[in-house]
1. Taking the criterion of being over 15 Å from the mean Cα position of the chain (by Cα) and outside any strand (DSSP E or B), would at least one residue in the range 28-37 satisfy it?
2. Kindly indicate which of Arg42, Arg80, Arg131, Arg35 is without any contact (Cβ under 8 Å) to a residue 12 or more places away in the chain and either under 24 Å from Met1 (Cα atoms) or surrounded by fewer than 17 Cβ atoms within 10 Å (Cβ to Cβ) (or both).
3. Of the residues in the range 82-103, how many are among the basic types (Lys, Arg) and farther than 29 Å from Ala31 by Cα?
4. Would you check if Val65 is closer than 20 Å to Val6 by Cα, surrounded by 12 or more Cβ atoms within 10 Å (Cβ to Cβ) and not charged (D, E, K, R)?
5. Name the residue that is surrounded by the most Cβ atoms within 10 Å (Cβ to Cβ), counting only residues in the range 97-118 that are farther than 15 Å from Ser32 by Cα and either among the aliphatic types (A, V, I, L, M) or at pLDDT below 95 (or both).
6. Which of the residues belonging to the range 13-27 are surrounded by 15 or more Cβ atoms within 10 Å (Cβ to Cβ), more than 18 Å from Ala110 (Cβ to Cβ) and under 13 Å from the mean Cα position of the chain (by Cα)?
7. Can you tell me which of Thr112, Thr90 is closer than 22 Å to Thr41 by Cα and among the polar types (S, T, N, Q)?
8. Under the condition of being more than 14 Å from the chain's Cα centre (by Cα) and charged (D, E, K, R), which residue from the range 45-59 is surrounded by the most Cβ atoms within 10 Å (Cβ to Cβ)?
Amino acid sequence: MSIAAVRDLFDRWEQVWHEDRHDLVATCVGASYVRHDAGGTRTVSAESYAGELAKIKAARPGVRVVVYDHMLGVDRAWFRFTFTWRDADTGAAQTQAGMQAYRIHDGKLAETWIVLLPIGSTWPDAVAQERWTSPVAAPT
């Protein structure tokens, strides 16, 4: 897979998250998607993960994934990001910083590892990337 194809994959994945394009999940997620997170390791289908996304978005209204840094390879990618959303009960702004790495197989997400810092955490970056796959700013 080329870097351009990986970029296209994550541009679609950003649409899933930010534009509620759940119809694109099956074009992004393989038949079995292995997820490693704080809850352990599990394998999900594209369909079941689309359902999980809907629940995440209901629990975290207006959720956005603000990316500060990333690297794309032909079969791997990682992102340093902050989730931002509004508390469902109070409307208060919420944040949670994290990092996520992906393994790509046959042009789709095959496996991921995600590490999240506590709710309220953020990265110190003053400026985020315009889009998930935008060029990474040079350090200042």
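The values are calculated or read from the model by the stated rules, or taken from the named source; none is laboratory data. From a predicted model like this one, the values you see are computed outputs, not experimental measurements. Virtual Cβ from ideal backbone geometry, glycine too; neighbours counted across all protein chains shown.
1. no
2. Arg42
3. Adding up the residues that qualify gives 1.
4. Judged against the criteria, Val65 is a match.
5. My answer is Ala97.
6. Residues satisfying the conditions are Glu14, Gln15, Trp17.
7. Result of the check over Thr112, Thr90: Thr112.
8. Taking the candidates together, the pick is Glu47.
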